[in-house]
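K.L.:
Got a structure here, written out as structure tokens. Questions coming.
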Amino acid sequence: MRAIGISTGPTTHLDHLGVLCALFHIPLIVTDEAAYETAQRFYPQLDAHFCSWNELSLSALAEHADVLFGCGKFWAESLLPSFECVCRKKMRFVFCPHGNSDKGRSLQPGERRPQQDIALIYGDHMYELLKNSGALDSIGHVVPTGNYRYRFYLEHRAFYDQLAEKTLFCHLPQDKKTLLYAPTWPDKENPSPVFELCAQLIEQLSSSFTLLIKLHPLLEEFYPGQTHHLLGRYNGYPGVHFIGDFPAIYPLLQRCDGYIGDFSSIGYDFLLFNRPLYFLPPLHNDPSFSPGPLFTCGLSITREKLTRLADYLQATWIENQQRFQIARQDLYDHAFGAQRDYTVLKNQILEIASTKCY
């Protein structure tokens, strides 16, 4: 069966869908010109093609593909009837997740979920999250992938390490620990305190640590004023480096000594390196708040610790490293499972698409 990937989201999706397409040797259509340029720079192994929304049509896709890979969880439900009505074709859809996190943990069975055709999951953690929330009932077929992104990084490590060094790390001091702060965007379930605490983190940590900050792309989309105010105030601040258009996460994590975050999937990615993780829970006390399994793999920074944060990190660094080693390894294994052979994985997906009805 002929397969095509379509990327319509932020450049961060390239490190998920783009990597998968490169491994499966299938073309990826990118609908944003800037994202296409990023794909060419960071994923030269990928057969990427730029095609604007105005040029993309159901009939063209139906003519050249039988299976569409994408990160849009509403695609199968929204587009399947259109393909059948307009093109008289039963298109198959493969949903590629863009990260493994604890988001969705508060959803309850019985709430409506978008119907999906074939959904990829990393491992047991994501499967359990889908099952417990009732979302699994709305998915036709589930296929575990393992951590194909890290394996892809290892196979091309020389290229990515050189790119990270040239782009970022050659400009950083060598005599300080490097911390990555990777907050997600705030919503009702995951009240990230990024706008309340980011300035405080910068001003307290930048003299003792090198602080790398990777903001979630939806922060700029949903909170443009607050995001640009933060960037305008602290871009170029000594000891602080905002990571913008660098979608490949593992070459960055490889060089970081520790992680600060909240609910971002990058925290799960960082488990692989078994280094200290620190978490910023919501500032407002909410008895119903449940942080999820990732928070069991490091230390939470309570409100009283924020006043002398650098001292707190330095005083607890060794404890954090040693105390949570087993927890981090166990949760990583639970989240990502065993590595899978790319050819076997691709063939399994295409066999489902060709023989099993949605």
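K.L.:
Could you tell me which residue of segment 170-193 is modelled with the lowest pLDDT, considering only residues that are among the charged types (D, E, K, R) and more than 19 Å from the chain's Cα centre (by Cα)? It would help to see each step written out before you state the result.
P.N.:
From segment 170-193, those among the charged types (D, E, K, R) are 175-177, 187-189; that's our starting set.
With more than 19 Å from the chain's Cα centre (by Cα) added as a condition, the list becomes 175-177, 188.
Numbers: D175: 91, K176: 95, K177: 97, K188: 79.
Per the stated criteria, the residue is K188.
K.L.:
If you go through segment 259-266 one residue at a time, do you hit one that is over 16 Å from Y181 (Cβ atoms), open to solvent by 10 Å² or more (accessible area, probe 1.4 Å), touching a residue at least 60 places away in the same chain (Cβ under 8 Å) and not in a strand (DSSP E or B)? Let's see the steps before the verdict.
P.N.:
From segment 259-266, those over 16 Å from Y181 (Cβ atoms) are none; that's our starting set.
No, because not a single residue in segment 259-266 is over 16 Å from Y181 (Cβ atoms), open to solvent by 10 Å² or more (accessible area, probe 1.4 Å), touching a residue at least 60 places away in the same chain (Cβ under 8 Å) and not in a strand (DSSP E or B).
K.L.:
Specify the residue that is most open to solvent (accessible area, probe 1.4 Å); the eligible residues are those in segment 135-158 that are in contact with a helix residue (DSSP H, G or I) (Cβ under 9 Å, 6 or more places away or on another chain) and of a type in the set (A, V, I, L, M, F, W, C).
P.N.:
Residue satisfying both the conditions and the ranking: L154.
K.L.:
Of the residues R112, R92, R105, only one is open to solvent by 30 Å² or more (accessible area, probe 1.4 Å), of a type in the set (K, R) and either touching a residue at least 40 places away in the same chain (Cβ under 8 Å) or closer than 21 Å to L154 by Cα (or both); which? Give the steps one after another, and end with the answer.
P.N.:
On the way: R112 fails: either touching a residue at least 40 places away in the same chain (Cβ under 8 Å) or closer than 21 Å to L154 by Cα (or both); R92 fails: open to solvent by 30 Å² or more (accessible area, probe 1.4 Å).
Exactly one residue qualifies, and that residue is R105.
K.L.:
Consider segment 232-254. How many of its residues are in contact (Cβ under 8 Å) with a residue 12 or more places away in the chain, assigned to a loop (DSSP other than H, G, I, E, B) and not hydroxyl-bearing (S, T, Y)? Step through it out loud before you land on a result.
P.N.:
Pass one, segment 232-254, residues in contact (Cβ under 8 Å) with a residue 12 or more places away in the chain: 233-234, 237-243, 245-254.
Restricting the remaining residues to those that are assigned to a loop (DSSP other than H, G, I, E, B) gives 237-239, 243, 245-249, 254.
Then keep just the ones that are not hydroxyl-bearing (S, T, Y); that gives 238-239, 243, 245-249, 254.
Qualifying residue count for the region: 9.
K.L.:
Next question, about the same structure. Could you identify the single residue in E189, E221 that is touching a Phe, Trp or Tyr at 6+ places or on another chain (Cβ under 9 Å), under 22 Å from A35 (Cβ atoms) and surrounded by fewer than 16 Cβ atoms within 10 Å (Cβ to Cβ)?
P.N.:
Numbers: E189 fails: under 22 Å from A35 (Cβ atoms).
Matching residue, one of E189, E221: E221.
K.L.:
Yes or no: Y148 under 15 Å from the mean Cα position of the chain (by Cα) and either over 25 Å from Y278 (Cα atoms) or not β-branched (V, I, T) (or both)? Step through it out loud before you land on a result.
P.N.:
Working: under 15 Å from the mean Cα position of the chain (by Cα): yes; either over 25 Å from Y278 (Cα atoms) or not β-branched (V, I, T) (or both): yes.
Here the answer is yes, as Y148 does meet what is asked.
K.L.:
Among what's in segment 74-89 and is in contact with a Phe, Trp or Tyr (Cβ under 6 Å, 6 or more places away or on another chain) and open to solvent by 30 Å² or more (accessible area, probe 1.4 Å), pick the residue that is nearest to V142 (Cα to Cα).
P.N.:
If we filter segment 74-89 for residues that are in contact with a Phe, Trp or Tyr (Cβ under 6 Å, 6 or more places away or on another chain), which is where we start, we get 75-76, 89.
With the extra rule that they be open to solvent by 30 Å² or more (accessible area, probe 1.4 Å), the set shrinks to 75, 89.
On the way: W75: 16, K89: 22 Å.
Top of the filtered list is W75.
K.L.:
Right, something else. Given (1) surrounded by 18 or more Cβ atoms within 10 Å (Cβ to Cβ); (2) touching a residue at least 24 places away in the same chain (Cβ under 8 Å); (3) not hydrophobic (A, V, I, L, M, F, W, C), identify the lone condition not met by T227.
P.N.:
(2)
K.L.:
Separate question: Would you call D286 surrounded by 13 or more Cβ atoms within 10 Å (Cβ to Cβ), out of contact with any Pro (no Cβ under 6 Å at 6 or more places or on another chain), modelled with pLDDT under 95 and of a type outside the set (S, T, Y)?
P.N.:
On the way: surrounded by 13 or more Cβ atoms within 10 Å (Cβ to Cβ): no; out of contact with any Pro (no Cβ under 6 Å at 6 or more places or on another chain): yes; modelled with pLDDT under 95: yes; of a type outside the set (S, T, Y): yes.
When the stated conditions are applied, D286 does not pass them.
K.L.:
Also, quick follow-up: Out of segment 186-207, which residues are out of contact with any Asp or Glu (no Cβ under 8 Å at 6 or more places or on another chain) and within 30 Å of L120 (Cβ to Cβ)?
P.N.:
Residues of segment 186-207 out of contact with any Asp or Glu (no Cβ under 8 Å at 6 or more places or on another chain): 186-189, 195-207.
Within segment 186-207, P186, D187, K188, E189 meet the criteria.
K.L.:
Please work out if Y122 is open to solvent by 40 Å² or more (accessible area, probe 1.4 Å) and either within 16 Å of H334 (Cα to Cα) or of a type in the set (A, V, I, L, M, F, W, C) (or both).
P.N.:
Numbers: open to solvent by 40 Å² or more (accessible area, probe 1.4 Å): no; either within 16 Å of H334 (Cα to Cα) or of a type in the set (A, V, I, L, M, F, W, C) (or both): yes.
Criteria not met by Y122.
K.L.:
Within segment 307-351, can you find the residues that are under 30 Å from F93 (Cα atoms), of a type in the set (S, T, Y) and buried (at least 16 other Cβ atoms within 10 Å of the Cβ)?
P.N.:
Initially, segment 307-351 is screened for residues under 30 Å from F93 (Cα atoms), giving 331-351.
Then drop every residue that is not of a type in the set (S, T, Y), which leaves 332, 342-343.
Matches in segment 307-351: Y332, Y342.
The values are calculated or read from the model by the stated rules, or taken from the named source; none is laboratory data. Owing to the predicted nature of the structure, the values given are computational and were not obtained by experimental measurement. All Cβ positions, glycine included, derive from the backbone under ideal geometry; neighbour counts span all protein chains shown. We work out accessible area using only protein heavy atoms, side chains counted, and drop any ligands, DNA or RNA first. Shrake-Rupley method; radii C 1.70, N 1.55, O 1.52, S 1.80 Å.
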